[in-house]
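Remarks on the structure that follows.
The values are calculated or read from the model by the stated rules, or taken from the named source; none is laboratory data. Everything quoted here is computed from the prediction, not taken from an experiment. No Cβ is skipped: glycine too gets one built from the backbone with ideal geometry, and neighbour counts run over all protein chains shown. Side chains are part of the model used for accessible areas, which takes the heavy atoms of the whole protein and leaves out ligands, DNA and RNA. Shrake-Rupley method; radii C 1.70, N 1.55, O 1.52, S 1.80 Å.
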Amino acid sequence: MKNNNNAGKKYKTFESNKQKKKSKKTPRIVEGKISITKSGVGFVKPDVSSLENNHDRSDDIFVGTRHLKSAMNGDIVSVEIISKPGNARGPEGRVNKIISRAVTKAVGVYTDCGRFGVVTPLGKNSDDIFVPRKNRSNAKQGDMVEAVISKYPKGRKGPEGLIVKIIAHGSDPHSEVKAILKENDVDTEFSMAAISEAKEAYGDGEISDAILEEELKKRKDLRKLDIITIDGPHSKDLDDAISIEKKDNGNYVLGVHIADVSHYVKEDSSLDQESFDRGNSIYLLDCVVPMLPKELSNGICSLSEGRDCLTLSCIMEINQAGEVINHEIAETVINSKGRLVYDDVSDYLDSINEQNNNSEHNKLSDANKNTSEVLNSSKYENLEKHEETLKLMRELAVLLQEKRHQDGSLDFDLDEAEIEIDDQGIPENIVSIDRRIANRMIEEFMLLANKTVAEEYFWMNYPFVYRIHEKPDPESIMKLKTFMAGLGIKFSVNPDNVHPKALSQILDKMQDDNRLPMVTAVMLRSMQKARYSTECTGHYGLAFKYYCHFTSPIRRYPDLLIHRIIKAHINKTLNSEMLSHFSSIANKAAEQSSLTEIRAQKMERKIEKIKKAQYMENHLGEEFEGVISGVTPFGFYVQLENTIEGLVHISTLGGTFDFLENNFKLISRYDSQSFSLGDSVRVEVAKADKISGLIDFVLIS
C-alpha cells in the first residue's frame, strides 16, 4: 500500500507539472524595425503582418538598453513582449533575434585615439564604430573613411570594425560630398565605353554641315526665331529654351524647345544603360554628378548661345483664358540668341515695371532715376534686344499662373537656402532665396509643356511614363482638419475626396495671416510624395489630370525615354513589337527613376544639413530670431530667417509639458506657457555638429 501511495503521489506530481506547462503562456513575438535613440534605448515599429490581431497596431514597443542584445539602429528584429501597455511609453519588450542587419558598413569621420580609433558615421542616431589600431589602414585624424563591421554590439560594448577605404583626407574641401556619394554607392565615373560613345557623339562640339543638312529634311527650322535660355549663372547643362510671339487675335504662341538628347544617346548603348542606372543628375552644392558625361550634358546637347542645336519642341497656341487651343510636338533645329541669367532677367523686368509705374504717375523721383541707371547699365545690354520677348513671357506667365490658381493648383512658396562656400568647402554665408519673376516664368512654361505632352500621349494610349501625385490619405486630411479646428479655421471637406482647390482656398484666405507659414507646413506634411508611373492618375498638387516630365532629358531618364517614344511616333516607326518593348521599359524606368530620385533628395538634404551645422559652429553663443517650424514630444524646432533649423529640447525649458499632437503644441502643466507652430521666438545657438548635421538651440524669449 505504501508503494502504491507513493506511486500515486508521483503520478499526481507529474500531472501537476504537466498542467503547469500547459498553462504557461506562449510568449508574444512581434517583428519590426528598431530605432535606437541617442540615449541608447530602442523603439520597435511593429510590422502589421507579424501581429496576431488589430490590438496595439500603432504602439511602438519600448526596448531598454539591457534588452537590445546586439541590435543596431534600423535593424529588423523580433521582439518578445515582456509587459503590456500600462504607462506613457507603451508596451515593453526585449530583442530575441536579429532578422536582418540594416548596417554592415558605414561611412564617416575617423578620430585617432592613440591605441585605437573611432569612426563616427555621418547622420544622426548611428553607432560609433571602434577600430583597433591594426585595422585603421593608415587613416589619419579627420579623414573620411569607409569601415565594415566585424563585430556587432554586445551589452554596452559598441560595434567593432576595420577601415577598408580612405574616401577623402580631412583637408579635402569636398570630403563631406565624397563621403555622401560613397555612402549611397553613387559612381562618379563613367565607364570607358560610355565615355567613348559620348566623345564620338560630341565630335568637335558642333553639328556638322552634312548632319545638319540631313536633319533639316525632316525637322522644322526655327533658327530665325528670337529663342533664349534663362538659367542660373553657373549652369552648363542648358536643356530648355523659349520662344514667344503674340498673334493679331491676342493669342500667344509659346515654343518650349528641349535638347534632343535621344538623338545622341541610343537605346541599349552603354550611355543609355548608365543613364538608366543613374536615373537623374545629382546636385550637391557646387558638385554635380551628371546623368550623362560632360561631353553631352555640357557639350553637344546643351543649348548654348549662337550654336545650331537639335531639339524636340512643344509649340502651343494659348488664348486669353490661358488655355492651350492648339499645339504641335515636332523635331526642330534652333539657334539660341541669348544665354540669360535668372536674377538679371528679374532685375531687368522689375526695373521696366517700376519705370512704367513711375511714368504713369509723372513722377521723376530718385527711384525713377535709379531705375533709368539700372536699365542703362552695361550689365543689361544683352537683355535690351530681347525686351519684347521678355515682356511677353512675363505677360503670359502671369496669365498661366492665374489659370492654374483658378483650377486649384497648390503653390507652396517654401523657403530655399543658397549656401555660399569658399575654396576650402567652408560655408561663408547662407541666405534664403526667392522664386523671382524669371524663375516663375520658366516654371510656368515647363509645367504647360509637360501637361500638354502628357495629355496628347494619354489619348494615343501609347506606353508612357507619367509624373503622378496621389491625393492625401483620409487619415492625414482628418489630422489637418483637427489642426485647422484648433486654430479656429473652418475646413469642411470629405476626407476621402478632398479637391486641391479646397486647400488652395485656405491658403488664399490666410495671405495676410502670420499663421500662414505654419498652416503651409502642416498642409505640406499631409501630402503624398510625387513619383513616376506608367498609369496616368493625375497630379494632385498641380490639379492636373495629365502630367509628365518632358523638359529635362539631360538630367532625368524619364524625359529621355518619352522623347524616344514621341520621336518613334513622329517618324511613324511604332509597331506592335516596339509598343510592347516600350511598355516593358517604361515600367522599369518609372520604378528605377522614382528610387534614384528619392536617393538624390536624401543626399541633397543631408549635405545641406551638414553645411548648415558647419556654418553654425562659428556662431555658438549668438542669438537669433526664429519661428517654431515643428513641435514634438521632446521639444520644438526653430527655423531662422536663413532657413537654418535647430532643436530646442524640452529638457532645457524647465517644468513639465504635455504634447498636443493634433494641435502641434507643447503646453505647460503648471502655468500658461505654451509653444505652437508659427510662434516667434528668440534663441541662442548652444551646439552644432557638422558630422550629425544637428543644431541645438536654447530659448531666450
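Below are the figures for this structure:
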item: Filtered residues of region 640-688 (kept if polar (S, T, N, Q) and either surrounded by fewer than 13 Cβ atoms within 10 Å (Cβ to Cβ) or in a strand (DSSP E or B) (or both)); result: Ser651, Thr656, Ser668, Ser672, Ser674, Ser676, Ser680
item: Residue ID - nearest to Ile437 (Cα to Cα), chosen from residues in region 309-343 that are surrounded by fewer than 18 Cβ atoms within 10 Å (Cβ to Cβ) and of a type in the set (Asp, Glu); result: Asp343
item: Selected residue (criterion: farthest from Ala397 (Cα to Cα)) from residues of region 208-240 that are more than 25 Å from the chain's Cα centre (by Cα) and small (Gly, Ala, Ser); result: Ala210
item: Tally of residues being touching a residue at least 12 places away in the same chain (Cβ under 8 Å), surrounded by fewer than 20 Cβ atoms within 10 Å (Cβ to Cβ) and polar (S, T, N, Q) across region 597-628; result: 0
item: Every pair of residues 6+ apart whose Cβ atoms lie under 6 Å, when the first sits in region 230-245 and is in contact (Cβ under 8 Å) with a residue 24 or more places away in the chain while the second is of a type in the set (Gly, Ala, Ser); result: Ile230/Ala438; Asp237/Ser297; Asp237/Ser302; Leu238/Ser302; Asp239/Ala259; Asp239/Ser552; Ala241/Ser336; Ser243/Gly255
item: Residues located in region 227-270, provided they are more than 25 Å from Ala201 (Cα to Cα), small (Gly, Ala, Ser) and outside any strand (DSSP E or B); result: Gly232, Gly250
item: Number of positions in region 303-328 that are in a strand (DSSP E or B) and farther than 17 Å from Leu392 by Cβ; result: 12
item: Single residue of Lys157, Lys151 found to be among the charged types (D, E, K, R) and exposed (fewer than 13 other Cβ atoms within 10 Å of the Cβ); result: Lys157
item: Residues of region 629-639 classified as within 30 Å of Glu428 (Cα to Cα) and open to solvent by 30 Å² or more (accessible area, probe 1.4 Å), total; result: 2
item: Filter result for Leu524 (within 27 Å of Asp559 (Cβ to Cβ) and surrounded by 14 or more Cβ atoms within 10 Å (Cβ to Cβ)); result: no
item: Answer residue from region 396-439, given it is touching a strand residue (DSSP E or B) at 6+ places or on another chain (Cβ under 8 Å) and open to solvent by 60 Å² or more (accessible area, probe 1.4 Å) and is farthest from Val253 (Cα to Cα) among those; result: Glu428
item: Residue that is least open to solvent (accessible area, probe 1.4 Å) [pool: residues in region 182-217 that are acidic (Asp, Glu) and closer than 30 Å to Asn335 by Cβ]; result: Glu215
item: Some residue of region 440-460 being among the hydroxyl-bearing types (Ser, Thr, Tyr) and buried (at least 18 other Cβ atoms within 10 Å of the Cβ); result: yes
item: Residue in region 502-518 that is assigned to a loop (DSSP other than H, G, I, E, B), over 30 Å from Gly255 (Cα atoms) and in contact (Cβ under 8 Å) with a residue 60 or more places away in the chain present; result: yes
item: Glu267 vs. criteria closer than 22 Å to Ile585 by Cα and either open to solvent by 30 Å² or more (accessible area, probe 1.4 Å) or in contact with a Cys (Cβ under 7 Å, 6 or more places away or on another chain) (or both); result: yes
item: Tally, over region 459-478, of residues that are without any contact (Cβ under 8 Å) to a residue 60 or more places away in the chain and within 23 Å of Ile566 (Cα to Cα); result: 2
item: Residue within region 351-364 that is touching a helix residue (DSSP H, G or I) at 6+ places or on another chain (Cβ under 7 Å), modelled with pLDDT under 95 and open to solvent by 40 Å² or more (accessible area, probe 1.4 Å) present; result: yes
item: Any hit, region 624-633, residues being β-branched (Val, Ile, Thr), assigned to a helix (DSSP H, G or I) and either within 29 Å of Phe483 (Cβ to Cβ) or at pLDDT 95 or above (or both); result: no
